Ligand SMILES: [Zn+2]
């Protein structure tokens, strides 16, 4: 099984990362925050994610249960990755922040607006 290494980051360049994935598939979630931010989710174990720089450039935002740790760059506001409520021990990469963009990914809808009813499908 080969992993594809993809680099990405925020807009200003303060935050840079590498993510490794088996295939280019991302979830398009319609929950209250994802639909406003336009997040496309690639969820990987921590072993497949490396933060190259910018840990101190990130701000946190929590709401509702507080389990998800949303993060964004303090300078440019982009949200390259965060800790998702569905997988608190994984890393959720925003495919829109990959250098190659989302174009080569297969995008699958996730009805996060009905989170409790649907989350088991992606766990
Ligand atoms: Zn930035």
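Remarks
- In a residue-by-residue description of the range 5-13, the property of being surrounded by fewer than 12 Cβ atoms within 10 Å (Cβ to Cβ) and under 19 Å from residue 104 (Cα atoms) applies to at least one position.
- Close Cβ contacts (under 6 Å, 6 or more residues apart or on different chains) running from residues in the range 1-27 that are more than 22 Å from residue 73 (Cα to Cα) to residues that are part of a loop (DSSP other than H, G, I, E, B) and away from the ligand (no atom under 16 Å from the Cβ) comprise 24/104; 24/105.
- Residues in the range 10-31 that are away from the ligand (no atom under 16 Å from the Cβ), in a loop (DSSP other than H, G, I, E, B) and in contact with a helix residue (DSSP H, G or I) (Cβ under 6 Å, 6 or more places away or on another chain): 30, 31.
- The number of residues in the range 40-74 that are within 16 Å of the ligand (Cβ to nearest atom) and either assigned to a loop (DSSP other than H, G, I, E, B) or surrounded by 15 or more Cβ atoms within 10 Å (Cβ to Cβ) (or both) comes to 9.
- The residue of the range 75-98 that is nearest to the chain's Cα centre (by Cα), among those that are farther than 15 Å from residue 29 by Cβ and within 14 Å of the ligand (Cβ to nearest atom), is 80.
Since every read-out is calculated from the coordinates, none of them should be taken as a lab result. What you see is a predicted model, and the numbers here were worked out from it, not measured in a lab. Counting neighbours? That spans all protein chains shown, and the Cβs are built from the backbone with ideal geometry, glycine included.
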